[in-house]
Amino acid sequence: MAQVEATTERVVAAQPDDVFDALADYTGTRPKVLSEHFSEYEVREGGDGEGSLVHWKLQATSKRVRDCLLEVSEPTDGELVEKDRNSTMVTTWRVTPAGEGKSRVVVTTVWNGAGGIGGFFEKTFAPKGLGRIYDEVLAKLATEVEK
């Protein structure tokens, strides 16, 4: 099993604290910025950053649906980590300053991929697909926080 990694980033015209707060708001902002690839969204504990437990299904392709139960932590300032209890998948959101009144948001997802030929295809194509999904999420986030 090889580790698979997908990274997407965007500069948003809003203060880093405002962007981070929006990302960490699992009850209000987060459901608004998710794409149609996410379904059955539910906050099970918390709802604001550290200590939250959030469920959703992520449909990466027409045949690939991942049932996610995410534990949220904030290991450092500007960093939100979503660790899936149902798999090895970990998604890290980092928000840093990017000039006057702007923020850089970087989202990185890593997981242990399949072995063999299936693993080769997963490592080749999954990062691109997940990148497109998170591009859409980051665009919606930008629309939300740049209001």
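The values are calculated or read from the model by the stated rules, or taken from the named source; none is laboratory data. Quick caveat, the model's predicted, so the values are computed rather than measured. Quick reminder, even Gly has a Cβ in these numbers, built from the backbone with ideal geometry, and neighbours come from all protein chains shown. These accessible areas exclude ligands, DNA and RNA; they are computed on the full protein's heavy atoms, side chains included. Shrake-Rupley method; radii C 1.70, N 1.55, O 1.52, S 1.80 Å.
At-a-glance table
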{"read-out": "Unmet requirement for Asn112, which otherwise passes all of (1) modelled with pLDDT under 95; (2) out of contact with any Ser or Thr (no Cβ under 8 Å at 6 or more places or on another chain); (3) open to solvent by 20 Å² or more (accessible area, probe 1.4 Å); (4) not aliphatic (A, V, I, L, M)", "value": "(2)"}
{"read-out": "Number of positions in the range 85-104 that are touching a Leu at 6+ places or on another chain (Cβ under 6 Å) and either open to solvent by less than 20 Å² (accessible area, probe 1.4 Å) or part of a helix (DSSP H, G or I) (or both)", "value": "1"}
{"read-out": "Exclusive hit being touching a residue at least 60 places away in the same chain (Cβ under 8 Å), of a type in the set (Val, Ile, Thr) and in contact with a Lys or Arg (Cβ under 7 Å, 6 or more places away or on another chain), set Val19, Val33", "value": "Val33"}
{"read-out": "The range 120-131 residues that are in a helix (DSSP H, G or I), paired with ones that are aromatic (Phe, Trp, Tyr) (beta carbon under 9 Å, 6 or more apart)", "value": "Ala126/Trp111"}
{"read-out": "Neighbours by Cβ (under 6 Å, 6+ apart or cross-chain): first from the range 83-94, without any contact (Cβ under 8 Å) to a residue 24 or more places away in the chain; second among the polar types (S, T, N, Q) and part of a strand (DSSP E or B)", "value": "Thr91/Thr109; Thr92/Thr108"}
{"read-out": "Test: Glu82 is part of a strand (DSSP E or B), more than 20 Å from Ala139 (Cα to Cα) and among the acidic types (Asp, Glu)", "value": "no"}
{"read-out": "Any hit, the range 105-112, residues being farther than 21 Å from Leu34 by Cβ and part of a strand (DSSP E or B)", "value": "yes"}
